[in-house]
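Values quoted throughout were computed directly from the atomic coordinates according to the rules given, and no laboratory measurement underlies them. Just so you know, these numbers come straight off a predicted model, no measurement behind them. In this analysis, Cβ positions are derived from the backbone assuming ideal geometry, glycine residues included, and neighbour counts consider all displayed protein chains.
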Amino acid sequence: MTSATPSAPLLPAGHGLRVVAAGKFLQLADGTPHFLRGVTYGPFKPNSRGEPFPEDAQLAADLRHIASLGFNTLRLYEPPTAVVLSEVEALGLRLIVGIPWSEHTDFLASRTLCREIEARISAICSQLQGHSCITAFLVGNEIEKTLVRWMQPRRVRAYIEKLIGTARRSAPQTLVSYATYPSTGYLLPRNADFIAVNVYLESPAAFSACLSQWQNLAGNQPLIITEFGLDVATHGPERQAEVMRWQHDCLLRGGCAGGVWFAYTDEWHRGGKEITGWQFGLVDSGRNERPACTLIRKLPPAWPPPALPPRISVVVCTHNGASTLGPCLSSLAAQRYPDFEILLIDDGSRQHIAEIAGDHPQVRYQFQEHSGLSAARNLGARLATGSIIAYTDDDCIAHPDWLLHLSHAFEDGSVAAAGGPNIPPPPRNRIERVVAAAPGAPAHVLLDDTEAEHLPGCNLAIRKDALTLIGGFQVEFKTAGDDVDICWRLRETGRRLVFVPGAMVWHHRRFSIRAYLTQQFGYGQAEALLMKKHAERFGILGGARWRGGIYGDQHLADYPVEGSIFHGPMGLGAFQVIYSSTSFRWWQWFTGLLWPALLLLALIFQQPWLALALLGFACWSAWQVSMRNAASAGIRRLPDRLLLWWLCFLQPVVREWARLRGMLSLGARPSRHPLLPDIMPPVRPHKITFSLGTLRFWSEDSTTREAWLQELRKLLRSSHIIYREDDGWRWFDIEAWPWSEISRAYLSVTEFHGDGRCLTRVRLLLRIRRSLGWNLLLWLIVTSILMVAGLHALLVMGLLAAIAITLLLPLAVWFIRREMCRLVRAAASKAGLAEMR
């Protein structure tokens, strides 16, 4: 039946406050939690004023109905008009505003187009920045996967980050992001305020697994599903309501900051045409409600605790931590969980810890003589009355739903321990900002999207019986390393450790440079002690050999792209993400103790130029790390970048020096047969690729790259040319003579310009095996030896050969390009494509 027009709701008390990101979640500017419940609206056929929205009466009725369903946010695909803003503000709704531009074309090929896009985003954000009802701007939406592959992911990401920076300068108080989708899961802007992704999956298991993966990709940022839904025309209205129910549960369980249902109505106008083949709406084009509307009103606004909530004992251990203890205990007392206790273990502090505990009636205080962190944690376990013990540090602030998320992880009896992210709070000064961006912070290690190898002790919950079974914490660990040891020993019992992205705590990093370096020195000492007990888990140079991937020190978007993405044959994979297990680079050998040792040897053998080269290379290596971390942390000022570089230079030296000292004093040695990682890093490609130009072909009858590729295959076979096709890891479509030192490859993409018109671009690629570079280096070495030996005749012959090769190489490249162009044009002609000059 046709839905009745509900009366307008009262204006919520919090309306007028901005929505801000707070770790993994959203909140209002006054600290009130804000779970985003959204629905997409439009785009529509232009109204009588030419605006992409319904007429004013229909618009007002639609928005009142949306508010009555319990939604608090609309996602628009066009900038709002004055009428839309007026209605939204009157109803207390909020907006996610998409800014459309020519995302379906190779926009990076035209500087003029790029400047026009930037100007458009700047103008729209400046015009709307005063409206607090706008939760966020989306500076782009789903750039097509083969187009991203064509333009290269790093370049596309850099341009998206530039657009986000433009939007933020124009609207500094509004959140900004880019809406990606699983086919470009690697396209994660580092400066976005939250991660926005459009996901359409039809089973709860697949949807939950996808959310877990995206939470790890999001890192410390909120995750918002900006589109999800189901087509009624295919699956029926009852199935749509069922999917809405479990998708809402998955969002809450998965620790998401919110979700946007696609769509409010079947009425959908795109590319100048009315779209009639899909029916994703909660109401049809006539605004008749579907069963999902009845369900929406009954969905819980928050995630309830388990049916039988286990009692949780929260244990906080402190040693002279008075400066941060008060806020920590206050956050624990504010937990939204029905059955928990708080135990504060004072490890011989000389400060007024007991008085701070007395200000919190819910806290049980216990003093012990100074014995170290592990002894304090064991005492807390003995005093605990809960079946689960949740450990956190005195410099942490727990999210109000921290225990709620942890409790659900233990519904699985095979889980021995669980933990979540520890995120640095907003810095109060430049030192805190730089220290938070420096390497070496506590990080979790994952074997897959949920299974953990290590969970930091500042956010670690353990079953009490599992902890008792392994004898508790090892008291030798006084300040650090106890969490690594306990996680390794728990896994050896055969039980699971799981990562829970919604179980978030704020964790203060060190407040001064001295405290930070002292912490890193302590971590190095703890690693030596861990090596003494777990020699098989350390490599030959003393570093821990993790079986999983380390999360926390590096934004996942900073991993090398080529060779790290499985994009599917011809770039058509539906789910494409970065595959990598480590942030290590070859040049990071020069960010620890190796380069000082080599520097010392160079000075001993009186080689000052070699010593200077080693020092310079070490400085450059630290600069690479600092630039990467500065981009992720948004550090732009030169003094702050220089300070971060200095910390990146010192941190590995300090940590490795402490570890070496500990190894010598404890007699610790790494095993000669260390464990191999379960997750192997991707293999780098063995060839270097150069572009020889691009050809363009037009079609008026929907002829795409597929037809051109089919004709190219036929031509290659008829010419008896050996070729291989993209296996999903390559950055070309077809490569001719693939196993030769120099090969020819072709990369293509099709842009869709509406009404069946298509533009296909073909890039000509010359691929040269990397070994040729090493051969050139060897030739230079041999030439130097000949010069020193005085064999001038052989030297002259070598130089003449080099000159001949240098002169002939451009001619050879010209012949190769001409032959490639001939094949491309012949295939295009057979496919019915017209070349554009």
Quiz item: Within a Cβ distance under 11 Å of Y523, other residues only, what is the Lys/Arg minus Asp/Glu net charge?
Solution: 0
Exercise. May I ask you to sort M627, M663, M531 by Cβ crowding, counting other Cβ atoms within 10 Å and putting the fewest first?
Key: M627, M663, M531
Self-check item: Karplus-derived 3J(HN,Hα), 6.51/-1.76/1.60, for each residue of segment 224-231, Hz, glycine and proline x
Solution: 10, 7, 8, 7, 7, x, 8, 7
Quiz prompt | Pairs of Cα atoms farther than 19 Å apart, segment 312-511, % | solution = 57
Quiz item: Tell me, what ³J(HN,Hα) does each residue in segment 407-422 have, in order and in whole Hz, if you take phi through Karplus 6.51 cos²θ - 1.76 cosθ + 1.60 with θ = phi - 60° and put x for Gly and Pro?
Solution: 4, 5, 5, 8, 5, 8, x, 7, 8, 8, 8, 8, x, x, x, 10
Practice problem: Set the Förster distance to 35 Å, then compute FRET efficiency between T276 and A119 from the Cβ-Cβ distance, nearest 0.05. | Solution: 0.50
Exercise. Provide the packing ranking of 753-760, 239-246, i.e. peptides ordered by the mean count of other C-beta atoms within 10 Å per residue, highest first.
Key: 239-246, 753-760
Quiz item: How large, in Å, is segment 296-336 by the Kirkwood hydrodynamic radius built from its alpha-carbon pairs?
Solution: 13.5
Quiz item: About its Cα centre, how strong a charge dipole does the chain have in debye, to the nearest 20, once Lys and Arg get +1 and Asp and Glu get -1 at the Cβ?
Solution: 2620
Quiz item: How long, wide and thick is segment 27-93, going by the Cα atoms along their three principal axes, in whole angstroms, largest first?
Solution: 42, 21, 18
Quiz item: Do the sum for the chain: with -39,500 (n - 2.57) for every DSSP H run of n ≥ 4, divided by all residues, what is the mean residue ellipticity at 222 nm, to the nearest 500 deg cm²/dmol?
Solution: -13000 deg cm²/dmol
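Dividing the Cα radius of gyration by the Kirkwood radius, what Rg/Rh value follows for segment 410-475? Could you put the intermediate results ahead of the total?
On the way: Rg = 15.4 Å, Rh = 14.2 Å.
Result for segment 410-475 is an Rg/Rh of 1.08.
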Self-check item: Kirkwood-Stokes translational diffusion coefficient of segment 102-177, alpha-carbon pairs, 4 °C, 1.567 mPa s, µm²/s
Solution: 100
Quiz item: Rg and Dmax of the chain, using alpha carbons, in Å: what are they?
Solution: 30.0, 99
Self-check item: For peptides 461-467, 382-388, sequence by mean Cβ density within 10 Å, most packed first
Solution: 461-467, 382-388
Exercise. With N denoting the number of residues in segment 311-387, provide Rg(C-alpha) divided by 2.2 N^0.38 Å, to two decimal places.
Key: 1.02
Self-check item: Antiparallel DSSP beta bridges within the chain, percent to nearest 5
Solution: 50
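How far, in nm, would the chain grow between S86 and L638 when pulled straight, counting 0.36 nm per residue and subtracting the alpha carbon separation?
194.4 nm
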Exercise. For I604 paired with E451, estimate the spin-label separation in nm (one decimal), with each label point 7 Å from Cα along the Cα-to-Cβ line.
Key: 4.6
Exercise. Enumerate the calculated ³J(HN,Hα) couplings along segment 744-757 in order (Karplus 6.51 cos²θ - 1.76 cosθ + 1.60, θ = phi - 60°), each rounded to whole Hz, writing x wherever the residue is Gly or Pro.
Key: 10, 9, 10, 10, 9, 7, 10, 9, 9, 10, x, 6, x, 8
Practice problem: Give the whole-number value, in cubic angstrom per residue, of the convex hull volume spanned by the C-alpha atoms of segment 46-197. | Solution: 117
Practice problem: Would you work out if segment 19-296 is rounded, prolate or oblate? Take a ≥ b ≥ c from the square roots of the eigenvalues of the alpha-carbon gyration tensor; rounded if a/c is under 1.5, else prolate when a/b is larger than b/c, oblate otherwise. | Solution: rounded
Exercise. Using the 2.2 N^0.38 Å rule of thumb for compact globular proteins, work out how segment 121-275 stacks up: its C-alpha Rg over that value, please.
Key: 1.10
Quiz item: For E453, which sequence-distant residues (separation of 5 or more, or a different chain) have an amide H within less than 5 Å of its own amide H, given hydrogens modelled in the peptide plane?
Solution: V445, L446, L447
